[in-house]
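Following: one structure in structure tokens, then a few remarks.
Bear in mind that the values in this text are calculations on the coordinates, not laboratory data. As the structure is a computational prediction, the values presented were derived from the model and not from experiment. Every residue, glycine as well, gets a Cβ built from its backbone with ideal geometry; the counts of neighbours run over all protein chains shown.
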Amino acid sequence: LEITSRFELAEVAAPPSILVADDSMTTRHMETSVLRALGYGVVQASDGAEAWGLLQQRGVDLVITDVEMPHMDGLELIRRIRDDDGLARTQVVVVSTRSNEADLEAGFLAGADAYIQKDRFTQRELGATLRGLLSRPQAR
């Protein structure tokens, strides 16, 4: 009697990684909790300059950034991402309390892919936005 077993090793894809850049520790931790509950890997930065430094060291699938931060604001961070050949295709979502038309326009002109207003932020909206962005081809 000969017994043979065959195991196929399936590649397990790592969850998408997201960089959260926000100077508010409370907001950063809340967004990180939501993102981890949704199954994403998360890296945190306390401002745009720290986020930019992290992006130079490692790639991520998506960046979530606030607008108003010390050292480098979110709009400058987005512009740098868009101007960098290696990062230009990285999806960027702004989550900010700044929510008038001029703020939204400034975010999209800088290169944001989506803009979520903090006062209307829900886990469902964030999850739907991220699924939509991460499922589409990155054609920048």
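Rounded to the nearest 0.05, the FRET efficiency derived from the C-beta distance between residue 120 and residue 84 at R0 = 41 Å is 0.85.
Between 0 and 90 degrees, the angle of helix 25-37 with respect to the longest Cα principal axis of the chain falls at about 30 degrees. Note on the chain: semi-axes of the ellipsoid equivalent to its C-alpha gyration tensor, largest first and rounded to whole Å, are 32, 17, 15.
Computed from Cα atoms, the angle from the helix 48-57 axis to the main principal axis of the chain rounds to 30 degrees.
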